[in-house]
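Report on one structure; see the data block that follows.
Nothing in this text is a laboratory measurement; each read-out follows from the coordinates by a stated rule. As the structure is a computational prediction, the values presented were derived from the model and not from experiment. For neighbour counting, all protein chains shown are included, and Cβ atoms are generated from backbone atoms with ideal geometry for every residue, glycine included.
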Amino acid sequence: MKLISMISLGCPKNLVDSETILGILASGGYVVTPSPEDAEIILINTCGFIAPAVREAVETIRYCLQLKAKGSCSCVIVLGCLVSRYGEKRLSQLLPEVDGWLGVDAAPVVLQYLETILAGEEPLLKVSRDPGEYPRMLSTPFYTAYLKIAEGCSHACSFCLIPRIRGRLQSKTPEIIYREAEQLAASGVKELILVAQDTGAYGYDLPGKPTLDGILKELVKIDGLHWIRFLYLNPHSLTPELISTIQEEKKLCRYLDLPFQHVNRNILRKMGRRGDSYSYLALISNLKAVLPDLALRTTLMVGYPGEDREAFEELQTFVCLAEFDRLGVFPYYHEQGSRSSRYSETVSYIEKRKRAREIMRLQREISRRKNQELVGRNLEVLIEHNLGEDIWWGRSYRDIPEIDPRVIVKGPNLNPGTFVQVQITRAAAYDLIGIIPENEVPVITKG
């Protein structure tokens, strides 16, 4: 019996890969522990998308190698995007103490690879993109799970390395997605979150061209699922059919994650993206008209090569007019290997950080104002954690795990994984505070 531990870095898409690898290894006889300090074998599933992710991955690897040097573990395996981006040869020169390297799409070979490494033999394995079905060990709370519906990306954004790291779009078949969703619901999952690099691009590569809205119409029929969300939707993948499906299906959270990245036309064209501030504002106006109570999230990038003060001020104006419920902003990173690295940097790192802070100051006031509008209303909240005597936190349909703010709830006899109606009594800049209305009984919803 060998104890293994997985450290999963990066996005929820990576987390799904980590859970799949853990499921495969557990079915192969390995015993999983959440503590790397207690494990004989440590696997690190890395992100390598931008410089901060690379630094985090290298720091994590070095920490685990320290555990190995102390004798608390015997084997460290590194997986994922960092390996696919830089290659085993280059990384092994930097970190020679690592016992094995696997890139993305490791699931089909990970068991055989690990056993070969532990036997002291040289692994000669070819990793293939196999969208098959594998056992999975969830690391999320029992009531929430991510479901990856596609791998890779066929967009050509100049700043993005994902197509190079993970390849072109490869969608799972509707049958595989539906079976996995049924299994998750049967295990007690109530909130299902679909992820891909662009969920709206789902099915473009498959015979018959199945669509995201078609998948959603089938998933809402599954007993036990109460909330269904989908994240990471390119604005140009948003179809009228998808909007209509969100309107019609009560299980679909009225939450859209649309990473606009920028709105200045020249910057967008250099990014390899379409659109401009006028078309995006028109899209947002239409969405808010047809989907009342829509929670809208975006991600923006500042400091892209050529972003002068005028282009940045256009982005600021857009943020003020769009009034997003949720917004993330990050500075542009000049990543080697991306097409945008051919451009000369025109904005200093200090200025990028300053611009990001300016955007977030605007968003903080927008968020505070929008939260104030919710005071007095009732929201359905999924209870997650106890903070003290009769004090809990949870999430409404407006909040995705780990990233968005929370709803702080005061009420007796609550339990994680239950849905309750909460009356909002106070609003902070990001979090909401509420109470359980009289005679409200928490329930475990059956879908």
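If you plug the beta carbon distance of Gln372 and Thr116 into 1/(1 + (r/R0)^6) with R0 = 56 Å, you get a FRET efficiency near 0.40. Taking the number of Cβ atoms within 10 Å of each Cβ as an exposure proxy, the fewest-first ranking of Ile176, Ile42, Ile149 is Ile176, Ile149, Ile42. Among Lys70, Lys148, Lys250, the largest mean-square fluctuation in a Gaussian network model of the chain (Cα springs under 10 Å) belongs to Lys70.
Residue by residue, segment 419-429 carries 3J(HN,Hα) couplings of 9, 9, 7, 10, 8, 6, 10, 9, 9, 9, 4 Hz when phi is fed to the Karplus relation 6.51 cos²θ - 1.76 cosθ + 1.60 (θ = phi - 60°); x denotes Gly or Pro. Of all lysines in the structure, the ones whose alpha carbon falls short of 27 Å from that of Lys89, not counting any fewer than 8 places away in one chain, are Lys13, Lys68, Lys70, Lys126. Amide H to amide H, with H built 1.01 Å from N, Val32 comes under 5 Å of Ile4, counting only residues 5 or more places away or on other chains.
Segment 17-82 and segment 309-373 have Cα centres separated by 33 Å. Within segment 196-294, the proportion of Cα pairs with more than 19 Å between them is 47 percent. Put in line by how crowded their Cβ is, counting other Cβ atoms within 10 Å and starting with the fewest, Tyr86, Tyr255 read Tyr86, Tyr255. Within segment 412-429, find all residues whose amide N lies under 11 Å from a label point positioned 7 Å from the Cα of Ile391 along Cα-to-beta-carbon. Taking a point 7 Å out along Cα→Cβ of Ile391, no residue of segment 412-429 has its backbone N under 11 Å. Bridging of Lys221 to aspartates and glutamates at a Cα separation below 15 Å is possible for Glu175, Glu180, Glu182, Glu191, Asp213, Glu248, Glu249, once same-chain residues fewer than 8 apart are set aside.
Our estimate of slack between Ala186 and Gln336, defined as 0.36 nm per intervening residue step minus the Cα-Cα distance, is 49.5 nm. Applying the Karplus relation 6.51 cos²θ - 1.76 cosθ + 1.60 with θ = phi - 60° to segment 375-382 yields 3J(HN,Hα) values of 4, x, 8, 9, 10, 6, 10, 8 Hz, where x marks Gly and Pro. Compared with the direct C-alpha span, the chain from Ser74 to Glu380 gains 105.4 nm at full extension, assuming 0.36 nm per residue.
Taking Cβ atoms as reference points and 12 Å as the exclusive limit, the residues near Ala26 contribute a net charge of +1, counting Lys and Arg as +1 and Asp and Glu as -1. Within the chain, the whole DSSP H helices whose Cα atoms reach 15 Å or more along their own axis and whose mean Kyte-Doolittle score is at least -1.0 are 12-27, 51-70, 174-186, 277-290, 309-322. Summing charges over all other residues whose Cβ lies under 11 Å from the Cβ of Ile267, with Lys and Arg as +1 and Asp and Glu as -1, gives -1.
For Lys270, the lysines whose Cα falls under 24 Å of its own Cα, not counting residues fewer than eight places away in the same chain, are Lys352, Lys354.
Taking the fewest neighbouring Cβ atoms within 10 Å as the starting point, the ordered list for Lys288, Lys270 is Lys288, Lys270. Subtracting the Cα-Cα distance of Ser139 and Gln247 from their residue separation scaled by 0.36 nm leaves 35.7 nm.
Note on Lys89 and Thr299: their simple-model spin labels are 3.1 nm apart, each label 7 Å out from Cα toward Cβ.
The label point for Asp38 and the one for Ile435, both projected 7 Å from the Cα toward the Cβ, are 4.1 nm apart.
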